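> My structure is below; once you've seen it, I'll send some questions.
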Amino acid sequence: MTNLAKHPTWVSARWPLRNVRNAWMPALFCALALVAARPLQAQSLRVLHTFTGGQDGATPYSGLTLDRAGNVYGTTAEGANQSCLGGCGTVFRISPSGILTSLYRFNGNDGDFAEANVTIASDGTLYGTTEFGGVYGAGNVYRLQPPARALGNATGQWNETVLYTFGPIDNGLGVEPWYGSLVFDHAGNLYGTASAGGVGPCATGGCGTVYELAPSEGAWTYSVLYHFTCGTDGATPFSGVILDPAGQLYGTTDGNSRCDYGTVYQLVRTGLTWTANTLHQFEAQDDGAQPVGGLVMDAAGNLYGAAAYGGSGGGGVVYELSPTGNGWTFIVVYSLAGGPGGGSSSPLTIDAAGNLYGTAEYDGAYYDGSVFKLTRTNGNWTYTDLHDFTGGADGANPVGAMALDADGNLYGTSSLGGTSNKGVAWEITP
């Protein structure tokens, strides 16, 4: 298989990965459009909100997070503040009746370019990261709380607290948290990743880090748990981490032009020390490449993820890693069709029965993205196309984590499309 064109891990322009793709995707898909499209599936998508680029923001990369009351929360990377010149963005909530409320609008100093979905604490407080902004322009970790006068049902701007500011680049602690959401452990500590910085050999002064924020007497203490080296452990952890019941961390790296095509890693704690184990190193063959979206875990401890490139179908793969004795077994669950890089750059969603749900950013009948389901029956996986985006009112280029409610409804976002081409939030019903 021909090696894939790799993207730099650090460029001054925003969206390094997305800009590289967008440069050649339109021409490729115009050519692919001449090929007979697969049969369309019955459409069951409902648009919850069409973003306008005004106070509601624009380009929702993050996906959606569901609370117990049926509200969904998300972020936009752009809009809502004219002084931001194309960045900053918002945090929003959409009620079950479909009403969007802008909870917070970033101004740059308090955060800029929110690409990660929010994490909801047990008290309804929201936690998240911005890729840029802050004192050094290298991102923030923030907390949002509703105004005290309307706790739990706020209609005005929520109150932001910056828990940590990343940078400068040469401080060895990591910079620019990307797609990955934060995760809590049972003690209330937060874990996340920074896509660059640290002390590794990458051109930025580091290949990224995994970090912990620990609460202590009203403040938060930041510490780096692991520095990626661009060796067999990989580099550039765009996605966040997940926790298993024993407190071990798992995640993926994207790799870079001087390193590899991405890895799946495990961090194991022994006392105060964390040790990294590489569970799989992608080779850009049938196993795929660039597992940008991160991981989910089922009840048996198996890991699932998706890679945006490679696979026998050329459009990325969905994969499984299963613990076996002292090691892990890697298998490809499904190879996606479509053009290179058209596969999933988002985390998968898993239901109680172990079925997997995902998005392909540039796949589908119109090459504007799709939503799919993988159902396991007797050890085999069946692919179902749930929706093909048209690039019109239903949106285009679905990215970010999807939320799944108890009735089997899926909630997600498309970064573009809609009547203003600023993206949409949507629901798919079974």
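Coordinate-derived values only; no laboratory data. Since the structure is predicted, the reported quantities are computational estimates derived from the model, not experimental observations. Quick reminder, even Gly has a Cβ in these numbers, built from the backbone with ideal geometry, and neighbours come from all protein chains shown.
> Is it possible to state the helix-based mean residue ellipticity at 222 nm for the chain, with each DSSP H run of 4+ residues giving -39500 (n - 2.57), the sum divided by total residues, to the nearest 500 deg cm²/dmol? What is it?
Using -39500 (n - 2.57) per qualifying helix, the result is -1500 deg cm²/dmol.
> What is the fewest-to-most order of VAL332, VAL318, VAL268, VAL175 by other Cβ atoms lying within 10 Å of their Cβ?
Fewest-to-most Cβ neighbours within 10 Å comes out as VAL268, VAL332, VAL318, VAL175.
> So how strong a dipole does the chain carry about its Cα centre when Lys and Arg Cβ are +1 and Asp and Glu Cβ are -1, to the nearest 20 debye?
400
> Just how far, in whole angstrom, is segment 108-127 from segment 369-404 if you go by their alpha carbon centroids?
Answer, in whole Å: 26.
> Which residue, THR275, GLY255, GLY293, has the largest displacement toward the positive end of the dipole of segment 251-322 when charges sit on each Cβ (Lys, Arg +1; Asp, Glu -1)?
Of the candidates, THR275 comes out farthest on the positive side.
> Of GLY128, GLY338, THR101, which is farthest towards the positive pole of the chain's charge dipole, taken about the Cα centre with +1 and -1 on the beta-carbons of Lys, Arg and Asp, Glu respectively?
Checking the options against the dipole of the chain, the answer is THR101.
> Express in nm, to one decimal, how much length is gained between ASN109 and ALA69 on full extension, taking 0.36 nm for each residue of separation and deducting their alpha carbon distance.
The ASN109-ALA69 span can extend by a further 11.2 nm.
> Further question on the same structure: Run the quick spin-label model on ASN409 and ALA300: label points 7 Å from Cα toward the beta carbon, then report their separation in nm to one decimal.
Here the answer is 3.2 nm between the modelled labels.
> Given R₀ = 22 Å, what would the calculated FRET efficiency be for TYR222 paired with GLN157, taking r from the Cβ atoms and rounding to 0.05?
After rounding, the FRET efficiency stands at 0.25.
> Among [x] -0.65, -0.92; [y] -0.59, -0.89; [z] -0.49, -0.77, find the value of log10 I(q)/I(0) by the Debye sum over Cα atoms at q = 0.09, 0.11 Å⁻¹ that was calculated from the structure presented, and write down its label.
Read-out from the structure maps to [z].
> How do ASP244, ASP260 line up, fewest other C-beta atoms within 10 Å first?
ASP244, ASP260
> Given 0.36 nm per residue, what is the gain on full extension from ASP185 to THR429 after removing their alpha carbon distance, in nm?
Length gained between ASP185 and THR429: 84.7 nm.
> Taking neighbour counts of Cβ atoms within 10 Å as a proxy for exposure, in what order, fewest first, do SER345, SER216, SER335, SER322 appear?
Ascending Cβ contact count within 10 Å gives the list SER216, SER322, SER335, SER345.
> To the nearest 20 debye, what charge dipole does segment 246-393 have about its Cα centre, counting +1 at the Cβ of each Lys and Arg and -1 at the Cβ of each Asp and Glu?
The calculation lands at about 400 debye.
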